[in-house]
Amino acid sequence: MKVLLVSGSPHTQGSTKRALDEIANELKKHELDYEFFQLPLKPLQSCLACGYCRDHGDNRCALDDCVNEIINKMRSCDGLVVGSPVHFAGITGATKVVMDRLFYCARPIFMYKAFAAVVIARRAGTTAALEQLNKYPLISNMIMVGSQYWPMVFGAVAEDLSEDHEGLQNMRTLARNLAWILKASEKARTETPKAEEEAMRTNFIRKEVL
């Protein structure tokens, strides 16, 4: 079993990487494989609503960048952990762009796999950013993994995190929970639930019939 750890921070060796390292070290103790993926340090295009992924049916984005790289990696991964620093009480712009496109064009690849979100802040905005990240798996039939407290760590730079003992413990607990969920659900994930009903879409606004 393998977990993909994605960092949405523009600092490749910053506090987000430090938090994900804590998770990785714990996963290693439980004999789970993992891989880091750093979002590129360049502008990323948001979704163009072009319909390519819908029309071609191959769960790939027309914009061939890191989004397709993550999709390809997730084909052989059982879990996904996404970490983001808090920017203006939300996740980073790059993380938002990537998550929007990932879960729009490749939701079937994420279904019934485990997901955990991690946020890092100097001071505030963590719960809002965490809620933002958790909305993607919640509508994608993923297995949500939590910790003993909301999975957040505090520190402006990587060195600060060593002072947040509770935050780092949250990361280790999250990793142990993730390992347990993946091992416990290994058989179940080979027998995923069957869709007994066709998905329905209801528009709230309807045209008035004159």
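Data table
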{"quantity": "Qualifying chymotrypsin sites (Phe, Trp or Tyr not before Pro) in segment 33-100, DSSP loop, other Cβ atoms within 10 Å at most 16", "calculated": "PHE88"}
{"quantity": "Segments 143-149, 105-111 sorted - mean Cβ within 10 Å per residue, highest first", "calculated": "105-111, 143-149"}
{"quantity": "Rounded to 10°, Cα long-axis angle of helix 165-184 versus longest principal axis of the chain", "calculated": "50"}
{"quantity": "Share of Cα-Cα pairs in the chain lying beyond 20 Å, as whole percent", "calculated": "58"}
{"quantity": "In segment 26-92, the trypsin sites (Lys or Arg not before Pro) that fall in loop regions by DSSP, at most 13 other Cβ within 10 Å", "calculated": "ARG75"}
{"quantity": "GNM result for the chain, Cα springs below 10 Å: residue of VAL86, VAL98, VAL157 fluctuating most strongly", "calculated": "VAL157"}
{"quantity": "Set LYS17/LYS187; LYS135/LYS194; LYS29/LYS194 screened for pairs whose C-alpha atoms are more than 28 Å apart", "calculated": "LYS17/LYS187; LYS29/LYS194"}
{"quantity": "Loop-located trypsin sites (Lys or Arg not before Pro) in segment 109-181 whose Cβ has at most 12 other Cβ within 10 Å (DSSP)", "calculated": "ARG123"}
{"quantity": "Contact order normalised by residue count of the chain, Cα under 8 Å, 6+ apart, percent", "calculated": "24"}
{"quantity": "Sequence-separation-based contact order of segment 81-147, relative, with Cα cut under 8 Å and 6+ spacing, percent", "calculated": "43"}
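Only the coordinates and a few stated rules stand behind these numbers; no lab work does. Predicted model only: the values in this text are computed from it and were never measured. Virtual Cβ from ideal backbone geometry, glycine too; neighbours counted across all protein chains shown.
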